Amino acid sequence: MHVPFCRTKCRYCSFYSEPIAKHDEIDVIRAMLTQMQQYKIPDSIKTIYIGGGSPSCIAESNLFEIVTAVKKYCPNAKEFTIEINPGQANEQILNRLRKAGVSRISIGAQSFIQSELNFLARSHTVEDIYEAVMFSRAAGFDNINLDLIFAIPYSDLDSWKQNLKAAIESGVEHISAYALTYEDKTPLVRDLAAGLFEPICEDTDRTMYELAIDEFSKAGIEQYEISNFARSGFECKHNLNYWANGDYLGIGPAAASYLQGQRSVNFAGIGKYIEAIKSGASAVELSEILNERQRACETAVLNLRRISGIDLAEFKTQTGFDAMELFAEPIRNYKKLSLLDSDKQRIFLTRRALGIADSILCDFAVV
């Protein structure tokens with residue numbers, strides 16, 4: 001479920017969202033729930049993820065209309081995550097979410113250093129992060145994620161160590177750590193082009209990433225995907241399905257779906273999305289049916305994001321292809337560079353490949 005609203009837009013964000021003050025959120029929510037009911041597959045849905053945008057910025061009554069409807073629609077879901085902005089979390093909302101059946105909270109912390117939050121144009125404070133974790137615990141949540149961003153301009157290894165220490169000491173079960181990316185048409189890219197700041201150098205970026213892997217591991221928070229770390233048993237089931245290239249249903253403006261080999265994306269504009277739903281038409285703007293080879297390549301790329309890599313038997317069952325044969329050339333090339341390894345059960349990226357994974361995965365995207 002993609003809630004397409006934010007109170008303010010972060011400096012680096014390229015995801016589709018609109019200022020909540022300029023729209024009637026009820027119209028969008030009702031359209032989203034109508035779209036959800038158009039799909040007759042609720043029994044097969046195993047996980048729920050309500051993200052954005054910022055789901056916590058909408059009115060409490062509207063948020064719980066979504067939560068209640070989705071919970072009822074997906075009776076067999078084993079994991080129910082909702083994203084919250086730390087500055088929009090309070091004890092009452094978190095208690096209500098837990099009682100309504102939400103089982104996992106994802107907190108958009110990004111940094112425990114106020115100057116870095118200010119640079120990113122985040123609307124919350126460091127104190128808000130600590131309170132969001134505390135309120136989540138008090139509400140009974142035992143599965144909490146923190147999002148962190150590294151390689152923020154003006155940061156250094158000492159400030160990143162401070163962030164890692166704070167995240168670990170918060171006691172959360174899951175941490176997602178991403179390097180700051182420079183996406184087209186964002187204020188961040190415009191300011192970079194204007195020479196208002198210098199990006200972090202690649203060597204420091206890589207060292208920060210390596211430091212995160214080591215420090216989290218020492219704390220019992222193990223890496224299971226390029227950017228994701230969890231205590232044992234707390235790996236995000238919803239995201240694991242993405243990396244397995246499993247089916248998923250996307251509801252809301254700009255949300256994407258992948259069902260039985262067909263990929264589709266909903267209208268990004270709120271007006272177009274609502275108009276389509278109200279007229280009884282499909283909210284899907286673009287769709288594409290992948291052929292067998294495309295599905296196999298996409299599965300490989302997603303699988304290789306996992307630390308466990310491609311399970312050869314699982315891949316053959318899912319796609320009908322032998323991964324060692326289909327990707328023989330890139331496997332051979334990257335093995336020579338010690339960036340890829342394999343055994344009888346799997347193919348996986350080596351530790352030194354993780355920081356440059358995107359360039360490697362390109363060679364598995366098309367064969």
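Computed from the coordinates by the stated procedures, all read-outs in this text should not be read as laboratory data. Nothing here was measured: the structure is a model prediction, and the numbers come from that model. Counting neighbours? That spans all protein chains shown, and the Cβs are built from the backbone with ideal geometry, glycine included.
Cross-link candidates for K218: which lysines have Cα within less than 20 Å, leaving aside residues fewer than 8 places away along the same chain?
Within reach: K161, K165.
If each DSSP helix of 4+ residues adds -39,500 (n - 2.57) and the sum is divided by the residues in the chain, what number results at 222 nm, nearest 500 deg cm²/dmol?
Here the helix-only value at 222 nm equals -12500 deg cm²/dmol.
At 7 Å along the Cα-to-beta-carbon direction for both A59 and C13, put a label point, then send me their distance in nm to one decimal.
2.1
Which cross-chain or sequence-distant (5 or more) residues have an amide H under 5 Å from the amide H of I50, H modelled 1.01 Å from N in plane?
T81, I82, E83
Please figure out what share of the DSSP beta bridges in segment 2-243 is antiparallel and state it in percent, rounded to the nearest 5.
Here the antiparallel bridges make up roughly 20 percent for segment 2-243.
Give me the lysines in straight-line cross-link reach of K316: C-alpha distance below 19 Å, same-chain residues under 8 apart excluded.
K344
Place a point 7 Å from Cα of A121 in the direction of its Cβ. Which residues in segment 47-85 have their backbone N less than 17 Å from it?
53-54
I want to make sure I understand the PRE zone here: with the label point 7 angstrom from the Cα of S279 toward its beta carbon, which residues in segment 255-270 have backbone N atoms less than 18 Å away?
265-270
Give the residues of segment 277-314 whose amide nitrogen is closer than 14 Å to a point set 7 Å from the Cα of D24 in the direction of its Cβ.
Taking a point 7 Å out along Cα→Cβ of D24, the residues of segment 277-314 whose backbone N falls under 14 Å are 278.
So which lysines pass the test for K71, namely a Cα distance under 24 Å, with those fewer than 8 places away in the same chain ruled out?
Result set, ordered by chain and number: K40, K46, K99, K237, K278.
Sort by residue number and report every cysteine in the chain with no other cysteine beta carbon within a distance under 4.7 Å.
Lacking a cysteine Cβ partner under 4.7 Å: C6, C57, C74, C201, C236, C297, C362.
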